[in-house]
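Comments concern the structure below.
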Amino acid sequence: MERTYIMVKPDGVERGLVGEIIKRFEQKGYKLQALQLIHPTKELLEQHYSDLSSKPFFPELIKYMQTGPVVAMVWAGKSVVKAGRTLLGATNPLESAPGTIRGDFCIDVGANLCHGSDAVESAEKEIALWFPKGVGN
Ligand code: DAT
Ligand code: MG
């Protein structure tokens, strides 16, 4: 079964949107396989976002991701990687469609509430990175 890595970022946790984000994946029909509240280290975040290390916003991104705990999750189901990205909405919340999580709840690309893997291979890499002991099933 296809899996993806979904993470509620510090602003999503702080704003009390964890339940709302979980609800949208549940009501779509996806299955929650693992969930953990994590205070990520700089090293973990730099690995997670290694593809973006040359971007000008990278230092700020790593700093923002350490402003509070994140909720790390694994979701499973048919085409969950692509459909998960659709549920999240476009990266820039000003371009995210209404009805998506980012489209409904935020306006700032630097605080866009949630992360979702962009491909099956990156999903498996991210799951291994955030759940090094495995997801238990
Ligand atoms: P996504 O999170 O939609 O996969 P991404 O992988 O391109 O987007 O970027 C990761 C995060 O980095 C994104 O969620 C928010 C931040 N980011 C991306 N582009 C940015 C920009 N132009 N300015 C500030 N932050 C940005
Ligand atoms: Mg990305």
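The values are calculated or read from the model by the stated rules, or taken from the named source; none is laboratory data. On a predicted model such as this, the values are computed, not experimentally measured, just so you know. Note: ideal-geometry Cβ built from the backbone for every residue, glycine included; neighbour counts use all protein chains shown. The area values use the complete protein model at the heavy-atom level, side chains included, leaving out ligands, DNA and RNA. Shrake-Rupley method; radii C 1.70, N 1.55, O 1.52, S 1.80 Å.
Key figures for this structure:
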{"quantity": "Total residues in segment 106-134, condition within 25 Å of P56 (Cα to Cα), away from ligand 1 (no atom under 13 Å from the Cβ) and surrounded by 18 or more Cβ atoms within 10 Å (Cβ to Cβ)", "calculated": "1"}
{"quantity": "Segment 78-103, subset open to solvent by 70 Å² or more (accessible area, probe 1.4 Å) and under 17 Å from D11 (Cα atoms), residue nearest to ligand 1 (Cβ to nearest atom)", "calculated": "T91"}
{"quantity": "Test: residue in segment 51-61 that is under 21 Å from L17 (Cα atoms) and free of Cβ contacts under 8 Å to residues at least 24 places away in the same chain", "calculated": "no"}
{"quantity": "Residue under evaluation K9, criteria (1) surrounded by 15 or more Cβ atoms within 10 Å (Cβ to Cβ); (2) free of Cβ contacts under 8 Å to residues at least 60 places away in the same chain, criterion not met", "calculated": "(2)"}
{"quantity": "Hits in segment 96-137 - residues which are over 14 Å from the mean Cα position of the chain (by Cα), over 24 Å from Q27 (Cα atoms) and not hydrophobic (A, V, I, L, M, F, W, C)", "calculated": "D108, E121, P132, K133, G134"}
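Yes or no, residue by residue, for (1) of a type in the set (A, V, I, L, M, F, W, C); (2) farther than 18 Å from D118 by Cα; (3) within 16 Å of the chain's Cα centre (by Cα); (4) within 16 Å of ligand 1 (Cβ to nearest atom):
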| residue | (1), (2), (3), (4) |
| --- | --- |
| Q27 | no, yes, no, no |
| I38 | yes, yes, yes, no |
| H48 | no, no, yes, yes |
| S54 | no, yes, no, yes |
| P59 | no, yes, no, yes |
| Y64 | no, yes, yes, yes |
| V70 | yes, yes, yes, yes |
| V74 | yes, no, yes, no |
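To keep it simple, each residue is scored yes or no on (1) among the β-branched types (V, I, T); (2) open to solvent by less than 100 Å² (accessible area, probe 1.4 Å); (3) farther than 19 Å from M1 by Cα; (4) in a loop (DSSP other than H, G, I, E, B).
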site	(1), (2), (3), (4)
E26	no, no, no, no
P40	no, yes, yes, yes
P56	no, no, yes, yes
Q66	no, yes, yes, yes
